[in-house]
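Contents: one structure, followed by commentary.
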Amino acid sequence: MNLLLDTHAVLWFAGDDYKIPMHTRKLIESPLNKKFVSIVSAWEIAIKTAKFPSAPPIKGGVKEFYKILEKYRFFLLPIEKKQLETVETLPFIHSDPFDRLIISQAINNNFTVITADKNIQKYNVEYIWDNEVLK
């Protein structure tokens with residue numbers, strides 16, 4: 001299975017956060033699944049670190065985020081033209097530009113999104129959070 005982790009899912013997974021369900025954690029840990037993280041997540045980390053230097057989303061900012069990706073062998077997914085074109089056609093359920101691009105990347109690559117974000121889950125994408133793959 002090709003998994004695309006939302007930004008919070010990466011941070012919660014790496015931080016052993018109790019908020020990530022055990023079933024989801026096992027899917028991420030499985031060597032049978034290929035794990036991707038969008039470059040837009042790194043961009044989101046960089047912006048939030050600059051905006052909130054006293055309370056960044058991750059201590060060490062984007063450099064530390066890259067170390068997490070390397071440590072867990074997550075593939076960094078670039079942004080492609082087609083994905084930006086798809087963003088234009090998405091219903092405006094979600095207003096977060098980072099999440100809209102993650103949705104588009106999932107659609108264009110047939111990836112399953114790992115996310116707790118209820119707004120992402122409203123789109124026509126496969127997602128996992130608890131015990132099953134949903135669409």
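The values are calculated or read from the model by the stated rules, or taken from the named source; none is laboratory data. From a predicted model like this one, the values you see are computed outputs, not experimental measurements. Heads up, the Cβs are rebuilt from the backbone with ideal geometry, glycines too, and the neighbour counts pull from every protein chain shown.
Okay, residues lined up against (1) modelled with pLDDT under 95; (2) not aromatic (Phe, Trp, Tyr):
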site: 54; (1), (2): yes, yes
site: 59; (1), (2): yes, yes
site: 71; (1), (2): no, yes
site: 74; (1), (2): no, no
site: 81; (1), (2): no, yes
site: 90; (1), (2): no, yes
site: 95; (1), (2): yes, yes
site: 104; (1), (2): no, yes
site: 110; (1), (2): no, yes
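What about residue 87, is it of a type in the set (Val, Ile, Thr), out of contact with any Phe, Trp or Tyr (no Cβ under 7 Å at 6 or more places or on another chain) and more than 16 Å from residue 37 (Cα to Cα)? When the stated conditions are applied, residue 87 passes them. Across segment 73-106, the number of residues qualifying as free of Cβ contacts under 8 Å to residues at least 60 places away in the same chain and among the aromatic types (Phe, Trp, Tyr) comes to 2. The set of residues in segment 31-71 being part of a loop (DSSP other than H, G, I, E, B) and among the hydroxyl-bearing types (Ser, Thr, Tyr) consists of 54 alone. Condition check for residue 116 on (1) of a type in the set (Gly, Ala, Ser); (2) in contact with a Leu (Cβ under 6 Å, 6 or more places away or on another chain); (3) assigned to a loop (DSSP other than H, G, I, E, B): one failure, at (2). Here is the figure for segment 72-85: residues that are part of a helix (DSSP H, G or I) and loosely packed, with under 11 Cβ neighbours inside 10 Å total 1. Would you confirm whether any residue within segment 20-38 is over 25 Å from residue 109 (Cα atoms), of a type outside the set (A, V, I, L, M, F, W, C) and at pLDDT below 95? So far as segment 20-38 goes, no, none of its residues is over 25 Å from residue 109 (Cα atoms), of a type outside the set (A, V, I, L, M, F, W, C) and at pLDDT below 95. Residues that are of a type in the set (Lys, Arg), assigned to a loop (DSSP other than H, G, I, E, B) and farther than 14 Å from residue 127 by Cα: does segment 7-27 have at least one? Looking for residues that are of a type in the set (Lys, Arg), assigned to a loop (DSSP other than H, G, I, E, B) and farther than 14 Å from residue 127 by Cα, one finds at least one in segment 7-27, hence yes. The set of residues from segment 86-113 being of a type in the set (A, V, I, L, M, F, W, C) and either within 19 Å of residue 28 (Cα to Cα) or part of a helix (DSSP H, G or I) (or both) comprises 87, 98, 101, 102, 103, 106, 107, 111, 113.
One residue stands out among those in segment 21-65 that are over 22 Å from residue 83 (Cβ atoms) and in contact (Cβ under 8 Å) with a residue 40 or more places away in the chain: the one that is surrounded by the fewest Cβ atoms within 10 Å (Cβ to Cβ), which is 23.
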